[in-house]
2 protein chains.
Amino acid sequence: MAKELKNFTKRSDNYSQWYNELVVKADLAEQSAVRGCMVIKPYGYAIWEKMQRQLDDMFKETGHQNAYFPLLIPKSFLSREADHVEGFAKECAVVTHYRLKNDPDGNGVVVDPAAKLEEELIIRPTSETIIWNTYKNWIHSYRDLPILVNQWANVFRWEMRTRMFLRTAEFLWQEGHTAHATREEAEKEAIKMLHVYSDFAQNFMAVPVIMGVKSANERFAGALETYTIEAMMQDGKALQSGTSHFLGQNFAKAFDVTFMNRNNEPEYVWATSWGVSTRLMGALIMTHSDDNGLVLPPKLAPIQVVIVPIYKNDEGLKEISAKVEPIVAEFRRRGISVKYDDADNRRPGFKFADYEVKGVPVRLAIGQRDLEQGTVEVMRRDTLEKETYALDGIVDHVVKELDDIQESLFRRALENREHRTISVDSYDEFKEKIEEGVFILAHWDGTTETEERIKEETKATIRCIPFDGDQTPGVCMVTGRPSARRVLFARSY
Amino acid sequence: MAKELKNFTKRSDNYSQWYNELVVKADLAEQSAVRGCMVIKPYGYAIWEKMQRQLDDMFKETGHQNAYFPLLIPKSFLSREADHVEGFAKECAVVTHYRLKNDPDGNGVVVDPAAKLEEELIIRPTSETIIWNTYKNWIHSYRDLPILVNQWANVFRWEMRTRMFLRTAEFLWQEGHTAHATREEAEKEAIKMLHVYSDFAQNFMAVPVIMGVKSANERFAGALETYTIEAMMQDGKALQSGTSHFLGQNFAKAFDVTFMNRNNEPEYVWATSWGVSTRLMGALIMTHSDDNGLVLPPKLAPIQVVIVPIYKNDEGLKEISAKVEPIVAEFRRRGISVKYDDADNRRPGFKFADYEVKGVPVRLAIGQRDLEQGTVEVMRRDTLEKETYALDGIVDHVVKELDDIQESLFRRALENREHRTISVDSYDEFKEKIEEGVFILAHWDGTTETEERIKEETKATIRCIPFDGDQTPGVCMVTGRPSARRVLFARSY
């Protein structure tokens, strides 16, 4: 059983299959009976809750409040903003009826044709339209601005090819929607929230990200600018992990939302929106985990430390428990989430394997001989290294180890990315290198045509025009036309 | 403006209109563009978040974990449990298509007839069916039990007559779904969670509730027993505030979920489900509020204390702020959420009215003369009484006031209920008294026929058969047949 638990496909054999197996074996999620929708299992949801709590605190620290808007959106709302409807119409789940009735032929229930809606309703793929229709009533004067609102919600996009956490028809997310009196303030807000996302990814998920702006082609449907954080997975592919949009006055115009400015002139309101989703779970899993299962950064691990007793009989367990209980209490006092697993229906070997697959950062094992010698065996999940330590002072030691694991996971991921990020000047070299799973910094002439040609020929897209890095002009590797600066290319999830 | 804020319909004139106005004026919620769906505004959502956080802690303390199941349910799942489909089929929002396309006539977007689903999907009205279909894969042996899972989610029931928070088409809730190896354990779980709800209602919402069991007629569709907490609103009507269901083996049978028991025999799994929703917001509002606006129990108030400075000029404000800042810091240290409202775009009178309407439990006002005398004016929202206190020790004093307000709101609501709960023995008296807005304890013969006759003739229903209270047998007030004990009747929301 323990062996079966760890019997994974190796990353080097099939990275994609390794991921799918890991999600299931680590008890994070599973496919549901509904096409493209997953069930998030308790262990997976506990990680998502830790993410939510931290992000929510960060949103509140930056002055945002939560609210809740309807799940269903009148179909006509979507059409109001031309790019927006273009972007989402093809993947909308449509509610057309509001009642079932007994099948006259006796086969369960059927849709009641008499209960057809006059106007169809769409399950929100994102909420700009319903929210800006609401903001119309909230905003009259510059004194009503800014509005800094966030919503935690489920959304639905009928995706054809789905993968758990990475791309599902229904997913959980947060969507911030802010309204501002000036263009400058809205632009600042969009950038500020991108920094919040970057801070969260790097300091809590231990996932290094590159901040930048999307090319016109990759912009959110209805935005003037889309900012993004891009992470590199272990296979060298990029995962877009969060986006923040400067929407200009597009939605204000579509829903006729104006305010009296300080000069007492009517003006359209400026907007941003920004979101991260359960997709972050995919980024977390794929950045750190290994062939033995999940590896979690301590700051997001539902169980940070597990203690497993190794004993022969009840008497032995009692002795170990007496020693362990004050240690458990001390961990709790220090704010560390600890589990003492003294369940007697599973062997220590099974427990070891299970917590390894689940990515618990530190495991303590304590047996009869440890008791006699006043020691405990400490295993770090990231390195799988075991060492024996004195029981005295073990809590201090583990707290330090947890900090070290958090930092070391980030460092390792950053090294991987730096090692696999290259600058390329010729399109031939680009085509060759992109096969190896790398981030490529290359010159591009700024046109959508060239961008699409590259995508078609290499499956690589412009992930972003990074905020930082080399800003030197050059010539496009494809067309030889002038290029303002290198941009970031990669294949992506 | 301040006057307009407080210009409410009086409860005594039109209780129902008073409620509707209050929800809007206190910035809790508003109607959306989608029929029967509300927008929960930031202030209303902040109260709901406090409720969620507390309930979630209580669920976790009793061993439950959160998870997430799909929003959409295949239509055929509903038909599997006969009572369940009967109960929900008539109010289902039905997804029939998965794509929109451009209208060939150029009128925005239309449903793409080519994208019709083979099987329609229902937006969950509750999740027993999709969850038990999932549990089938989770449960094999008694060792896999119990499963103690909760979900925070939105649900949808196409209600014809809606009122904000009390009855909306979409609402937010939590739904616990547990699976057990024995009937006894499942029954115990259902009762345990009812006690959690009662504890929460009484000790956090300050809303006294009566625990009991529903009559067969009022049971959840698919349950063997439904337990309920019933609260009395200020108009004497009942509000069902939370329910917990013992589902027997109904859903296990419908979805073929069996386990090998300790005797190694296959057996159907035993189930419970239990839920509270944003309806609790309605109970909270209607129990405590008055003709001046919202009254909130301190434990659920987003702002527990507001401090308003009264000043003539910048110099005056500076002096007051210097005095107030350490007090604010002290409140925060004590875990009290405090707002110092020194905004200069609103007059103190407006602020007073606004915080009164919003139900902030304690208001401190401090002006020039207070500074000179080392005093502060303290107003309690529940009594609207003002007193002047020394600034020294004001934090201690306010903390005590907050405790006192919490208790006193509960006591007042309990007194109201006790005052308006009567025992009645004749049906004529019942008909007369029920008009006055009371809870009536009366004998009933235990039949659905009599129950429905009473409902039809008086609009009163059996709210529950209370756990506590008079258990003496008697004769039914309507039919004269034997009655096991008095049951609780009321008109209800």
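The values are calculated or read from the model by the stated rules, or taken from the named source; none is laboratory data. Just so you know, these numbers come straight off a predicted model, no measurement behind them. Ideal geometry is used to build each Cβ from the backbone, glycine not excepted, and the neighbour counts take in all protein chains shown. When the accessible area is computed, the model is the full protein with side chains, heavy atoms only, and any ligands, DNA or RNA have been set aside. Shrake-Rupley method; radii C 1.70, N 1.55, O 1.52, S 1.80 Å.
Considering only residues that are small (Gly, Ala, Ser) and part of a strand (DSSP E or B), look in segment B:240-263 and name the one that is farthest from B:Cys464 (Cα to Cα). Before you say what the answer is, go through the steps one by one.
Going through segment B:240-263, the residues small (Gly, Ala, Ser) turn out to be B:241-242, B:244, B:248, B:252, B:254.
So of that shortlist, the ones also part of a strand (DSSP E or B) come out as B:241-242, B:244, B:248.
Values: B:Ser241: 12, B:Gly242: 12, B:Ser244: 13, B:Gly248: 20 Å.
Per the criteria, the residue is B:Gly248.
Which residue, of A:Ile285, A:Ile303, is open to solvent by less than 40 Å² (accessible area, probe 1.4 Å), in a loop (DSSP other than H, G, I, E, B) and not charged (D, E, K, R)? Write out each step before concluding.
Values: A:Ile285 fails: in a loop (DSSP other than H, G, I, E, B).
Criteria check complete, one pass: A:Ile303.
Can you give me the number of residues within segment A:76-88 that are open to solvent by 30 Å² or more (accessible area, probe 1.4 Å) and either among the acidic types (Asp, Glu) or part of a helix (DSSP H, G or I) (or both)? Break it down into steps so the answer makes sense when it comes.
Here is the first cut: in segment A:76-88, the ones open to solvent by 30 Å² or more (accessible area, probe 1.4 Å) are A:76, A:79-80, A:82-83, A:86-87.
From the residues that got through so far, the ones that are either among the acidic types (Asp, Glu) or part of a helix (DSSP H, G or I) (or both) too are A:76, A:79, A:82-83, A:86-87.
Result for segment A:76-88: 6.
How many residues does segment A:127-151 hold that are open to solvent by 40 Å² or more (accessible area, probe 1.4 Å) and in contact with a helix residue (DSSP H, G or I) (Cβ under 7 Å, 6 or more places away or on another chain)?
Within segment A:127-151, residues that are open to solvent by 40 Å² or more (accessible area, probe 1.4 Å) and in contact with a helix residue (DSSP H, G or I) (Cβ under 7 Å, 6 or more places away or on another chain) number 2.
So which residues in segment A:161-172 are free of Cβ contacts under 8 Å to residues at least 40 places away in the same chain and at the interface with another protein chain (Cβ under 10 Å from one of its Cβ atoms), if there are any at all? If you could, list the steps in order and put the result at the bottom.
Of segment A:161-172, the ones free of Cβ contacts under 8 Å to residues at least 40 places away in the same chain are A:161.
Residues satisfying the conditions do not exist here.
Have a look at A:Arg411, A:Arg453, A:Arg463, A:Arg417 and point out the one that is within 21 Å of the chain's Cα centre (by Cα) and open to solvent by 80 Å² or more (accessible area, probe 1.4 Å).
Just a single option satisfies the conditions, and that option is A:Arg411.
Just need a number here: residues in segment B:76-120 that are within 9 Å of another protein chain (Cβ to nearest Cβ), under 19 Å from B:Ala254 (Cα atoms) and either in contact with a Ser or Thr (Cβ under 8 Å, 6 or more places away or on another chain) or of a type in the set (S, T, N, Q) (or both).
Qualifying residue count, segment B:76-120: 7.
I'd like the full set of residues that are open to solvent by 40 Å² or more (accessible area, probe 1.4 Å) and under 20 Å from A:Asp57 (Cβ atoms), limited to segment A:153-189.
None - no residue of segment A:153-189 is open to solvent by 40 Å² or more (accessible area, probe 1.4 Å) and under 20 Å from A:Asp57 (Cβ atoms), so the list stays empty.
Read through the list (1) of a type outside the set (A, V, I, L, M, F, W, C); (2) more than 14 Å from every other protein chain (Cβ to nearest Cβ); (3) touching a residue at least 40 places away in the same chain (Cβ under 8 Å), then give the number of the only condition that A:Glu184 fails.
(3)
What do you reckon, is A:Leu72 crowded, with 23+ Cβ neighbours inside 10 Å, farther than 21 Å from A:Asn150 by Cα and at the interface with another protein chain (Cβ under 7 Å from one of its Cβ atoms)?
Working: crowded, with 23+ Cβ neighbours inside 10 Å: yes; farther than 21 Å from A:Asn150 by Cα: no; at the interface with another protein chain (Cβ under 7 Å from one of its Cβ atoms): yes.
Against the criterion (crowded, with 23+ Cβ neighbours inside 10 Å, farther than 21 Å from A:Asn150 by Cα and at the interface with another protein chain (Cβ under 7 Å from one of its Cβ atoms)), A:Leu72 does not qualify.
Basic (Lys, Arg), within 27 Å of A:Lys253 (Cβ to Cβ) and open to solvent by 10 Å² or more (accessible area, probe 1.4 Å): is that true of A:Lys60 in this structure?
Values: basic (Lys, Arg): yes; within 27 Å of A:Lys253 (Cβ to Cβ): no; open to solvent by 10 Å² or more (accessible area, probe 1.4 Å): yes.
When the stated conditions are applied, A:Lys60 does not pass them.
In segment B:264-278, which residue that is closer than 16 Å to B:Asp144 by Cβ and part of a strand (DSSP E or B) is most open to solvent (accessible area, probe 1.4 Å)? Spell out how you get there, then give the answer.
In the first step, residues of segment B:264-278 are kept if they are closer than 16 Å to B:Asp144 by Cβ; the result is B:264-271.
Then drop every residue that is not part of a strand (DSSP E or B), which leaves B:266-268, B:270-271.
Values: B:Pro266: 97, B:Glu267: 51, B:Tyr268: 78, B:Trp270: 32, B:Ala271: 1 Å².
It comes out as B:Pro266.
Could you check segment B:190-207 and list, in sequence order, the residues that are open to solvent by less than 10 Å² (accessible area, probe 1.4 Å) and in contact with a Phe, Trp or Tyr (Cβ under 8 Å, 6 or more places away or on another chain)?
Of everything in segment B:190-207, those that are open to solvent by less than 10 Å² (accessible area, probe 1.4 Å) and in contact with a Phe, Trp or Tyr (Cβ under 8 Å, 6 or more places away or on another chain) turn out to be B:Ala190, B:Met193, B:Leu194, B:Tyr197, B:Ala206, B:Val207.
If we keep just the residues of segment B:55-69 that are within 7 Å of chain A (Cβ to nearest Cβ) and not in a strand (DSSP E or B), which is nearest to B:Gln151 (Cα to Cα)? Lay out the reasoning, then the answer.
Residues of segment B:55-69 that are within 7 Å of chain A (Cβ to nearest Cβ), as a first pass: B:65-69.
Restricting the remaining residues to those that are not in a strand (DSSP E or B) gives B:67, B:69.
Numbers: B:Ala67: 5, B:Phe69: 8 Å.
The residue in question is B:Ala67.
Let me confirm something: among A:Asn107, A:Asn7, which residue is polar (S, T, N, Q) and under 30 Å from B:Arg99 (Cβ atoms)? Full working, then the answer.
Details: A:Asn7 fails: under 30 Å from B:Arg99 (Cβ atoms).
The match here is A:Asn107.
Could you tell me which numbered condition B:Arg157 fails, if it satisfies all but one of (1) of a type in the set (Lys, Arg); (2) under 18 Å from B:Ile123 (Cα atoms); (3) without any contact (Cβ under 8 Å) to a residue 40 or more places away in the chain?
Checking B:Arg157 against (1) of a type in the set (Lys, Arg); (2) under 18 Å from B:Ile123 (Cα atoms); (3) without any contact (Cβ under 8 Å) to a residue 40 or more places away in the chain, the one that fails is (3).
Given (1) open to solvent by 10 Å² or more (accessible area, probe 1.4 Å); (2) among the β-branched types (Val, Ile, Thr); (3) free of Cβ contacts under 8 Å to residues at least 40 places away in the same chain, identify the lone condition not met by A:Ile210.
(3)
Identify, please: which residue in segment B:229-251 is within 11 Å of the chain's Cα centre (by Cα) and aliphatic (A, V, I, L, M) and is, among those, nearest to B:Arg279 (Cα to Cα)?
B:Leu239
Scanning for something buried (at least 24 other Cβ atoms within 10 Å of the Cβ), closer than 22 Å to B:Thr134 by Cβ and small (Gly, Ala, Ser), does segment B:214-226 turn up at least one residue?
Within segment B:214-226, one or more residues are buried (at least 24 other Cβ atoms within 10 Å of the Cβ), closer than 22 Å to B:Thr134 by Cβ and small (Gly, Ala, Ser).
Residue by residue, here is whether (1) modelled with pLDDT under 95; (2) surrounded by fewer than 23 Cβ atoms within 10 Å (Cβ to Cβ); (3) in a loop (DSSP other than H, G, I, E, B) holds:
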| residue | (1), (2), (3) |
| --- | --- |
| B:Ala46 | no, yes, no |
| B:Lys50 | no, yes, no |
| B:Lys90 | yes, yes, no |
| B:Val95 | no, no, no |
| B:Glu119 | no, yes, no |
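Using the structure shown, decide if B:Gly349 is open to solvent by 20 Å² or more (accessible area, probe 1.4 Å) and free of Cβ contacts under 8 Å to residues at least 24 places away in the same chain.
Details: open to solvent by 20 Å² or more (accessible area, probe 1.4 Å): yes; free of Cβ contacts under 8 Å to residues at least 24 places away in the same chain: no.
Judged against the criteria, B:Gly349 is not a match.
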